[in-house]
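Coordinate-derived values only; no laboratory data. Predicted model only: the values in this text are computed from it and were never measured. We place every Cβ from the backbone using ideal geometry, glycine too, and count neighbours over all the protein chains shown.
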Amino acid sequence: MGDLFVLAISCIFINNILLAQFLGNCPFLGTSKKMETAVGMAMAVVFVLVLAGLITWVLDIYLLKAFNLEYLRTVSFILVIASLVQFVEMFLKKSIPGLYAGLGIFLPLITTNCAVMGVCLINIKEEYTFVEAAVSSFAYAVGFGLALILFAGVRERINLARVPKPLQDTSIGLVTAGIIALTFMSFKGMV
Amino acid sequence: MAQSLAKEFTKGLWAEIPPFRLVLGLCPVLAVTKSVENGIGMGVATTFVLVFSNLLISLLRNVIPSKVRIACYIVIIATFVTIVELVMQAYTYELFLKLGIFIPLIVVNCIVLGRAEAFASKNGPVLSVADGLGIGLGFTLSLAALGAVREFLGNGTLTIWEGLPVFEMGAGFLPFKFMIEAPGAFVGLGLMLCLMNLIGKK
């Protein structure tokens, strides 16, 4: 139990998926201009990442490794993630319309969010057990949401500031992200 | 013909150079540019995937039904990524270890899918290859440039091949470690983007 807690803390803060591992940076910059979109994206990622992490883990252990088909990992993982996203979208539309309206446009974007594929690959690479894979998927997704929402908050304030012309938009966004990454670096050595 | 070929090729080198003009595919850019060597390796791998997926997609553009086109593109791209992965594992094993999960992650690099959707699905094979080569070369150059800045400031060296530095600062140089850590990647890219905006103001 203690090990799992340490794993969760290290996935959320120390190895934060956005700021330390650099995965999922396109939606990080793309959906962080407004708080609402950031929250929607964060929720969609938590939802899909946990499902994808578990399904790809089962697929890898019971199908790919069992039949020595590891070279098909990239192709099969991306297919699983793409079809999972489609499936989740259809399911939510039909049974939980409220949630669908909230996540709506962010779901299809997740297919090309490398955070999802990245965490699935990390789970395999680190040889996590099923429970560890579940914890790490959830914790990475929470870390993603945390960094995204923090960043969106800062970015909303930047919109009010007078930024020099060449630095505007993405440029100042990246520099700000760098400073947030610096604060996350101070978590190093915590575990 | 030759003129439009040259146009498609050169636009990737300045007018639409990723990731500066097209802000896509940032993850590998930030993650692998700790040194010039890693940047070039990643750039070449991405270029290979871009060129061949563009070629195949443009050859098949009249066969692929438009409703399932994204899925088809992803399968084609994933196939070439697997080829790159296996080739790198066999011939450049050290680089393969350094780039780690970022090689399979070329599949979800938005640049590759973006070019397939925006260019290869509408143009002939020759133009598509030129487009892929141009964008890929531009991407490689950007990665190498960012890698050079980060490696030079953060480590005081410039390495192009196999860990042998072609340039090294004297012992009195205090490396600016911040640049090769995570925050340096964001700040470095942000400031380079600012520089590009200053030079190439439309």
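Here's how it looks for A:K33: its modeled amide H is under 5 Å from none belonging to a residue 5 or more places away or on a different chain.
The residues A:F67, A:F138, when put in order of fewest to most other Cβ atoms within 10 Å, stand as A:F67, A:F138. Note on B:192-200: average number of Cβ atoms from other chains within 10 Å of each residue's Cβ is 4. Under the criterion of Cα pairs below 8 Å and six or more residues apart, the relative contact order for region B:2-199 equals 35 percent. Annotation: aspartates and glutamates with alpha-carbon distance below 14 angstrom to A:K188 (same-chain offsets under eight excluded): B:E181.
Peptides B:57-66, B:121-130 ordered by packing proxy, namely the average of other Cβ atoms within 10 Å per residue, highest first: B:121-130, B:57-66. Counting Cβ atoms of other protein chains within 10 Å of each Cβ in A:74-80 and taking the mean gives 6. Enumerate the lysines that B:K67 could reach by cross-link, defined here as Cα to Cα under 20 Å, with residues fewer than 8 away along the same chain left out. Within reach: A:K93, B:K122.
A cut-off of 5 Å between modelled amide H atoms, ignoring neighbours fewer than 5 places along the same chain, links B:I160 with B:V166. The GluC sites (Glu not before Pro) of region B:85-180 meeting both criteria, a DSSP state outside H, G, I, E and B (loop) and at most 15 other C-beta atoms within 10 angstrom of the site's C-beta, are B:E162.
Note that region A:109-157, at 25 °C in a medium of 0.890 mPa s, gets a Stokes-Einstein diffusion coefficient of 206 µm²/s from its Kirkwood radius over C-alpha pairs. So if the hydrodynamic radius of chain A is defined as the Kirkwood radius over C-alpha pairs, what does Stokes-Einstein give as its diffusion coefficient at 25 °C and 0.890 mPa s, in µm² per second? Reported coefficient: 141 µm²/s. Measure off 7 Å from each Cα along the Cα-to-Cβ vector at B:V126 and B:L86, then give the distance between these two points in nanometres to one decimal. Computed distance between label sites B:V126 and B:L86 equals 3.2 nm. If one takes the longest principal axis of the Cα atoms in chain B, at what angle in degrees, from 0 to 90 and to the nearest 10, does the Cα axis of helix B:2-11 lie? Value to nearest ten degrees: 40.
Grab the DSSP H runs of the protein assembly as shown that are 4 residues or longer, score each as -39,500 (n - 2.57), total them, divide by all residues and round the 222 nm result to the nearest 500 deg cm²/dmol. Helices in the protein assembly as shown give a 222 nm mean residue ellipticity of -21500 deg cm²/dmol. Counting neighbouring beta carbons within 10 Å and listing from fewest to most, the residues B:Y93, A:Y100, B:Y73, A:Y71 come out as B:Y93, A:Y71, A:Y100, B:Y73. Region A:10-85 and region A:112-140 have their alpha-carbon centroids 7 Å apart.
Take each residue in B:20-29, count the other chain C-beta atoms within 10 Å of its C-beta, and the mean is 5. So what's the net charge close to B:N62: Lys and Arg +1, Asp and Glu -1, counting the other residues with Cβ under 15 Å from its Cβ? Every neighbour counted, the sum reads +4.
Taking other C-beta atoms within 10 angstrom as a stand-in for reagent exposure, B:T92, B:T33, A:T183 fall in the order A:T183, B:T92, B:T33, fewest first. Shape analysis of region B:2-199 places it in the prolate category; the axes a ≥ b ≥ c from the Cα gyration tensor give an a/c of at least 1.5, with a/b above b/c. Candidates A:G173, A:Y140, A:I96 compared by Cα position along the dipole of region A:2-185: farthest toward the positive end lies A:G173, with charges placed on Cβ.
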